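Single-structure report; data block below.
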Amino acid sequence: MRKLTVALVALSAGTALVCTGRRADAQSTFAHTSTLTVTKPLEVPGMVLQPGTYVLRVADTRSDRNVVEILNADQTKVLDVALTVPDEERKAKDQSEFVFYGNPAGSGPEVLRSWWRADSRFGHDFVYPHERAVELARATGLPVKAHAVPAVATREQLKAAPIETVAPPAPAERTAQAPKPAASTPAPAARVAESRLPKTASDVPFAAVSGLMAVMAAGALHLARRRASA
């Protein structure tokens, strides 16, 4: 009888531990999710989310990186798998927080930079494919975490991918790399032709006619005087 009682107590204790462990796992899984409401297109590593409601969930946790799943609102479909690294420690907040790079191109979707879960002191800084990270660093002037695996990568690739920080170029280099507006070619100055009246005749005939008229006038005057004296 005593052995049976001990066995029942041990079984009850084991059952309690299992139930407690399951509740803890469920709470931990729930605590590792956040709801993201997107009101305009939003770029995340590997895809662009259209307006709607999504759930971010930590699927794999390591000391130097995390694999984050992006699911639909009812968490029945994994839409994207992204790599993140721990962000700086800070005071935990009551609500989840999302930080963006903004709209680097001036048009198009915003870009998700990091995610802070509610009641968590550490955030998740998203890691982008290297080529995209270089573009973001150049456009925003901020350091961007990068990996060298394809934009659409498997979990195994993300877990093993080397991670680096792409530093933004110096301000002078950013200015030099920025596209310059096309220089407009000034229209050639209008050439104004000098207007001159055409020269229609030579001065020589005019002088000859003038001389002849003077001689004729003198002769007429001389003839008139002779008649007057007669």
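What follows is calculated from the coordinates using simple rules that are stated; it is not laboratory data. Everything numeric in this text was worked out from a predicted model, so none of it was measured. Here the Cβ positions follow ideal geometry from the backbone for every residue, glycine too, while neighbour counts run over all protein chains shown.
Strands (runs of 3 or more DSSP E) fully within region 55-153 that include at least 1 residues being touching a Gly at 6+ places or on another chain (Cβ under 7 Å): 78-89, 110-116. Scanning region 64-80 for residues that are touching a residue at least 12 places away in the same chain (Cβ under 8 Å) and among the polar types (S, T, N, Q) turns up ASN66, ASN72, GLN75.
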